[in-house]
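Everything on this sheet refers to the single structure shown next.
What follows draws every value from the coordinates through simple rules; no lab data is involved. Note that the structure is a prediction, hence the values are computed from the model and not measured. Because the Cβ atoms are built from the backbone with ideal geometry, glycine has one as well, and the counts that use them run over all protein chains shown.
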Ligand SMILES: [Fe+2]
Ligand SMILES: [Fe+2]
């Protein structure tokens, strides 16, 4: 019988999952920036695109630490979230609600990432991978900051709408 899988295996699988997800997000962010109506929205998505590039590199360092090749594993969760985002871009083109929709799908992405990094950090700690913990925490910090920026952006967008309607 094959050896039962370990926490190391689970850590590697989840690392591959977020690696795949980050690369998909890297491709999606420029599309979201192009679609966004507000300048703040465009700038925000592009800034997070640059951050995401650095996040992918940090993940590659984590693969190095555990001496495994950096390889992604299809993450259906992120594919689903991003597909919903594209649907919003398609269906709310020319709508004054487009940016609100883009922000909502971006926040779904961030929350997925925050969940993944939280878990990976806990497991890396248990496995004594201290250098990996630090790298993953850097990524988590950026995702949380992005989530907060999106919350503020949502308020700005909603206020601008309110004024136009008044
Ligand atoms: Fe990310
Ligand atoms: Fe993110």
From 51, 87, 76, grab the single residue that is within 19 Å of residue 113 (Cβ to Cβ) and surrounded by fewer than 13 Cβ atoms within 10 Å (Cβ to Cβ).
76
Surrounded by 13 or more Cβ atoms within 10 Å (Cβ to Cβ), within 13 Å of ligand 1 (Cβ to nearest atom) and within 21 Å of the chain's Cα centre (by Cα): which single residue out of 144, 149 fits that description?
144
Scan segment 79-131 residue by residue and report those that are farther than 28 Å from residue 156 by Cα, touching a residue at least 24 places away in the same chain (Cβ under 8 Å) and assigned to a loop (DSSP other than H, G, I, E, B).
127, 129
Scanning for something within 14 Å of the chain's Cα centre (by Cα) and within 16 Å of ligand 1 (Cβ to nearest atom), does segment 123-136 turn up at least one residue?
yes
Looking only at segment 124-139, decide whether some residue is within 16 Å of ligand 2 (Cβ to nearest atom), crowded, with 17+ Cβ neighbours inside 10 Å and closer than 22 Å to residue 30 by Cβ.
yes
Would you check which residues across segment 97-114 are more than 16 Å from ligand 2 (Cβ to nearest atom) and in contact with a helix residue (DSSP H, G or I) (Cβ under 6 Å, 6 or more places away or on another chain) and list them?
99, 100, 101
Please go through segment 23-47 and pick out each residue that is crowded, with 20+ Cβ neighbours inside 10 Å and either away from ligand 1 (no atom under 16 Å from the Cβ) or within 18 Å of residue 84 (Cβ to Cβ) (or both).
25, 28, 29, 32, 35, 36, 41, 45
